[in-house]
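Heads up: the structure comes next, in structure tokens.
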Amino acid sequence: MRWRNGQVVLQDRVAEGWEVAFDPDQGILSYVGPDRGPGIMASSGTLEPEEDLAGAYVSPGFIDVHVHGGGGADFMDATVEACTRVCEEHARHGTTSLLATTLTASPESLQAAVEAAVQARQAAGPRPSGARILGLHLEGPYLSPAHAGAQDPAFLRAPDREELERLQRLARGAIRMVTLAPELAGAAGVIQWCREQNVVAVAGHTDATYDQAMQAFVSGVRMCTHTFNAMRGLHHREPGTVGAVLDSPTVVAQLIADGIHVHPAAVRLLWRIKGPDGLALITDAMRAEGLRPGTYDLGGLTVQVDGRSARLADGTLAGSLLTMEQAVAHVRVFTGAALAQAVRAATWVPARVLGLADRYGSLEAGKMADLVVLSSAWQVQQTVVGGHRVYRRESL
């Protein structure tokens, strides 16, 4: 398949009038470069099918490492159907790969959610109907009660390496990321386990001081969950977790760029300090993404959705209604970043953190054919996962 006459988003620029070709059977990009013109012959001796994109953008598929739900479903629903629904919903917004993200819950509920996500991943096979589940992200339950946010405080507990090992066996090695508060007793052992298992340890929902956070980064924490939110903030005499993230050249900052969780001015500061290689856009979306305002559930907590945000009764933000193509657009508006840089934070950076940049996150021959076509107004027109189209806008 050939997509011709597109504006192809590369890692460092947007190339106009380029072509992207891929093999739907192998799911691999075969050519990314200047348009070779019509009538290219395939190896079978027949003309390669082609589509003129009329100048639309072609971007690498977005990779969301922190997403709980959408379209009325949540990964904590612990069913294959719910997991599939979340993946299909976010594929409509350009997400081609994601980490099924859990919440703080009882051991039994957490186990059920892990099992369901693994089953959904296996059932999808090489031709998923939506975004590909790359693995699991455990957001909790090893979090600070001082910064629980919308995590159920009844199920917060001390970091437990043995519990993690049991969950990883249940997940058949699919746990790829763990968010924890690094100042808690037992956290050092969990961080060490993550390093040994090639699992990304993430600081989040934490009251860690600057020194505690910096020590955690030295020990192996590689990322920060929804930076600025649910963590000890920046103070000029105690820089806190936020100050440590800003001061660390190695830690990647997750960001919810909806303009609600983080003020645009703070987004600009974060962007200037971390740059497109030190920031990973996430949605942290909950089940009400894509739905009307109303009352919804998040991990057993009641959430009120007003169409812009999701909040607990006391006003605490409870996940978001954000989508990945919106996150990219917002970062461009808030920071003035070039399109290629903003896309990089939603594609190559998360792929690199997961150790998958050799296969995902950029448009290069030999990599996975995970693609998004977006209009000049930055609306998703098509989403392709592994060479197979999983979404096409009806108005096309």
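Values in this text are rule-based calculations from the coordinates and carry no lab data. From a predicted model like this one, the values you see are computed outputs, not experimental measurements. Note that we place each Cβ from the backbone using ideal geometry, even for glycine, and neighbour counts take in every protein chain shown.
Quick notes
- Residue list for segment 28-59, restricted to those being part of a loop (DSSP other than H, G, I, E, B), within 18 Å of LEU363 (Cα to Cα) and not hydrophobic (A, V, I, L, M, F, W, C): ASP35, ARG36, GLY55
- Filter result for the condition that a residue is in contact with a Phe, Trp or Tyr (Cβ under 6 Å, 6 or more places away or on another chain), of a type in the set (A, V, I, L, M) and either within 25 Å of THR347 (Cβ to Cβ) or surrounded by fewer than 21 Cβ atoms within 10 Å (Cβ to Cβ) (or both), over VAL251, VAL218: VAL251
- Residue ID - surrounded by the fewest Cβ atoms within 10 Å (Cβ to Cβ), chosen from residues in segment 158-181 that are more than 19 Å from VAL221 (Cβ to Cβ) and basic (Lys, Arg): ARG169
- Among the residues making up segment 63-88, those that are surrounded by 24 or more Cβ atoms within 10 Å (Cβ to Cβ), under 12 Å from ILE133 (Cβ atoms) and aliphatic (A, V, I, L, M) are ILE63, VAL65, VAL67, VAL86.
Each row is one residue, and each column tells you yes or no for (1) out of contact with any Ser or Thr (no Cβ under 9 Å at 6 or more places or on another chain); (2) outside any loop (DSSP other than H, G, I, E, B).
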position	(1), (2)
THR295	no, yes
ALA329	yes, yes
ALA340	yes, yes
ASP358	yes, no
TRP378	yes, no
ARG389	no, yes
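- Listed conditions (1) assigned to a loop (DSSP other than H, G, I, E, B); (2) touching a residue at least 60 places away in the same chain (Cβ under 8 Å); (3) of a type outside the set (A, V, I, L, M); (4) at negative phi are all met by ARG308, apart from (2).
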